[in-house]
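In what follows, a single structure is set out as structure tokens and then discussed.
The values are calculated or read from the model by the stated rules, or taken from the named source; none is laboratory data. Predicted, not measured: the structure shown is a model, and the values here were computed from it. As a convention, Cβ positions derive from the backbone with ideal geometry for all residues, glycine included, and neighbour counts pool all protein chains shown.
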There are 2 protein chains.
Amino acid sequence: MTTELRADAQRNLERVLDAAEQAFGASGPDVSIDEIARLAGVGHGTVFRRFPTKDDLMYAVIERHVAQVTTFASEALSSDDPGEAFFDFAQRAAELMLSTPGLHKCVVHCGEKPGAAELEELGSKLVARAQRAGAVRRDIKPAEVGPLIRAALLAAPSGQGRRYLDVVLDGLRA
Amino acid sequence: MTTELRADAQRNLERVLDAAEQAFGASGPDVSIDEIARLAGVGHGTVFRRFPTKDDLMYAVIERHVAQVTTFASEALSSDDPGEAFFDFAQRAAELMLSTPGLHKCVVHCGEKPGAAELEELGSKLVARAQRAGAVRRDIKPAEVGPLIRAALLAAPSGQGRRYLDVVLDGLRA
DNA sequence: CCTGAAACGGACCCTGCAGTCCGTTTACAA
DNA sequence: TTGTAAACGGACTGCAGGGTCCGTTTCAGG
């Protein structure tokens with residue numbers, strides 16, 4: 001990819017992103033940059049050189065996860081059972097979310113979407129297809145599905161995420 | 001009630017509570033005490049004399065609302081259609097929550113429950129009764145219902161709260 | 001090596017906010 | 001009216017966290 005960077009810079013960039021992912025994922029948007037820098041074994045000036053703003057760093061971390069979920073979505077789209085594809089996708093995406101509870105709060109904090117245009121589109125297709133197939137209720141817009149699921153997982157008191165998700169998914173069925 | 005207070009103190013106490021309710025209700029737990037004091041037309045020292053800690057103030061505000069919801073619950077318990085009672089109650093409670101979106105975040109912030117023991121109990125009865133009557137799915141614990149509904153409303157992008165609630169309530173039906 | 005540019009990291013600045021203190025004001029009772 | 005205890009409110013403190021600066025270190029090409 002972008003390898004216009006000096007070797008040490010590249011290395012530190014990765015360390016910072018890893019640390020940030022871990023920290024934000026565990027504790028949400030309120031972790032301090034100092035904490036992240038400490039985790040990364042780096043001065044906090046170094047963090048700010050790469051990401052002029054705390055929010056920029058958060059965006060970057062979220063983008064990584066969004067990319068992951070996006071591949072889930074495109075895989076699901078290649079399945080030929082629309083209903084099953086949708087619910088399986090939701091399951092997998094939720095799984096990922098459950099492993100990094102703090103990131104939800106970050107997403108909320110960011111007025112949503114860093115680089116989610118593509119995911120948005122794939123997701124919409126996925127939902128629309130499932131609705132056409134009669135597997136998902138019609139009175140809901142594709143864009144609302146994500147927030148709803150995220151909300152359920154957010155409120156789930158650790159360990160209960162699965163059951164909360166089930167309730168919401170059942171609520172989405174036609 | 002507690003009228004061991006000088007007249008002006010009593011008056012200011014109410015102003016502070018009103019202002020805090022409005023501020024927390026609108027913007028969540030991050031509003032500053034200064035802002036609340038300003039809204040109440042009071043020095044912020046006055047706020048701290050009554051509520052030694054910001055969290056204490058938040059508790060007080062939440063307690064008010066909890067009391068309100070508790071009366072809803074006890075009214076619902078006196079109805080003789082368990083299913084309808086439950087879903088009506090949820091509707092009314094949600095209505096109240098929707099009018100003060102920031103308060104949810106406060107509740108989350110407070111590690112839950114300030115004075116919710118009674119509500120907890122009434123709510124549990126309400127849910128259990130509805131489950132016995134076959135109106136609500138059995139694989140959910142009464143204590144989980146509140147958080148689930150709160151979550152859906154939290155994630156709803158203003159105006160959509162109603163639809164989100166419907167999804168969750170449908171998910172709860174047997 | 002040697003050298004210049006790039007990267008480093010911690011000292012530093014600044015803002016915002018929770019919580020304290022104390023001199024002044026106000027309610028109320030005698 | 002007046003004395004006093006309660007209440008007031010704003011100045012002040014301490015701290016945490018975001019963001020900047022710059023002297024020092026490290027990489028990489030010649």
Inset, instruction - Having 3 or more residues that are under 21 Å from B:Ala117 (Cα atoms) is the bar; report the helices (runs of 4 or more DSSP H) wholly within region B:9-80 that clear it. - result: B:54-77
Inset, instruction - Only one of these is among the β-branched types (Val, Ile, Thr), within 12 Å of chain B (Cβ to nearest Cβ), buried (at least 18 other Cβ atoms within 10 Å of the Cβ) and touching a Leu at 6+ places or on another chain (Cβ under 9 Å): A:Val168, A:Val69. Name it. - result: A:Val168
Legend entry - Whichever residue in region A:148-165 is surrounded by fewer than 18 Cβ atoms within 10 Å (Cβ to Cβ) and facing chain B (nearest Cβ under 8 Å) and, among such residues, is modelled with the lowest pLDDT: A:Pro157
Inset, instruction - With respect to A:Ser78, determine if the residue is in contact (Cβ under 8 Å) with a residue 60 or more places away in the chain, surrounded by fewer than 17 Cβ atoms within 10 Å (Cβ to Cβ) and either away from chain B (no Cβ under 14 Å) or on the phi > 0 side of the Ramachandran plot (or both). - result: no
Inset, instruction - Filter region A:116-147 down to residues that are under 14 Å from the mean Cα position of the chain (by Cα) and loosely packed, with under 15 Cβ neighbours inside 10 Å and give me whichever is modelled with the lowest pLDDT. - result: A:Ala117
Legend entry - Residues within region B:93-142 that are within 30 Å of B:Val31 (Cβ to Cβ) and not aliphatic (A, V, I, L, M), tallied: 18
Legend entry - Residue identified as among the hydrophobic types (A, V, I, L, M, F, W, C) and in contact with a Phe, Trp or Tyr (Cβ under 8 Å, 6 or more places away or on another chain) among A:Ala85, A:Ala128, A:Ala116, A:Ala93: A:Ala93
Inset, instruction - Please state which of the following conditions B:Leu5 fails to meet, knowing it meets all the rest: (1) touching a residue at least 24 places away in the same chain (Cβ under 8 Å); (2) exposed (fewer than 14 other Cβ atoms within 10 Å of the Cβ); (3) near DNA strand C (Cβ under 9 Å from one of its atoms). - result: (1)
Inset, instruction - Determine if region A:41-64 includes at least one residue that is surrounded by 16 or more Cβ atoms within 10 Å (Cβ to Cβ), in contact with a Lys or Arg (Cβ under 8 Å, 6 or more places away or on another chain) and within 24 Å of B:Ala151 (Cα to Cα). - result: no
Legend entry - Identity of the residue in region B:34-67, near DNA strand D (Cβ under 8 Å from one of its atoms) and without any contact (Cβ under 8 Å) to a residue 12 or more places away in the chain, that ends up farthest from B:His109 (Cα to Cα): B:Gly43
